[in-house]
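To start, the structure under review is shown below, and the notes come after it.
Derivation of every value follows stated rules applied to the coordinates shown; laboratory data play no part. Every value quoted in this text rests on a predicted model; they were computed, and no experiment measured them. No Cβ is skipped: glycine too gets one built from the backbone with ideal geometry, and neighbour counts run over all protein chains shown.
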Amino acid sequence: SAFGAYLHTYASLHLNFLKDIAAYLNSTFWASFAFGRLCGIPLSTKLSSLQMIFIDLIGCIGSLVLLFVFNKSSIILWIGSILFGLFIASIYPSTISYTEEHIKLNGKRMSILAIGGSMGGAIIPLLISFCMNSILIGTIGFILVTLAVMILASILFGLIVFYIGKR
């Protein structure tokens, strides 16, 4: 949600998009997110939740690296935003599915997952805002924070998979 929340601001400030064009970009991101969720349903019948998460994390990191390396290109911003929307869409449902495969999810455990997700949904936008307003980092902080969060999530997920494999 943080990506969608700051995409318009980033496009307007960093690449001088007109407000209408930035709004179209934001709408395109959310449309690709919805399409990614839709595609995730039949894919989840063919792939395991572990495979889905792995593909999604690689896709998210790849699209963010593309956005960071070519941060002055408006075409890459469109392509990267669409790709990020497609890949980020099924991470949450796949993560819940993966968790359910390894522990019995009851109301209390599901509440803990929801609280953790909500905390991330509150803290990450604040961090992005702080970085975007920083003189040292500037608007590229939007991509940097999102990329750092995705890399951290990938490392943590890798550690969880490694730990589960050792049990």
Take TYR92 and ASP20, extend 7 Å from each Cα along the Cα→Cβ direction, and tell me the distance between the two endpoints in nm. 3.2
Most mobile of GLY107, GLY59, GLY121 per a Gaussian network model of the chain (Cα springs, under 10 Å)? GLY107
Per residue, what volume in Å³ does the convex hull of the Cα atoms of the chain enclose? 117
With a cut-off of 8 Å between alpha carbons and a minimum separation of six or more residues, what is the relative contact order of the chain in percent? 28
Low-density loop positions, trypsin sites (Lys or Arg not before Pro), region 74-159 - DSSP coil, at most 10 other Cβ in 10 Å: LYS104
Taking R0 as 25 Å, what's the FRET efficiency between SER27 and ALA148 from their Cβ-Cβ distance, rounded to 0.05? 0.45
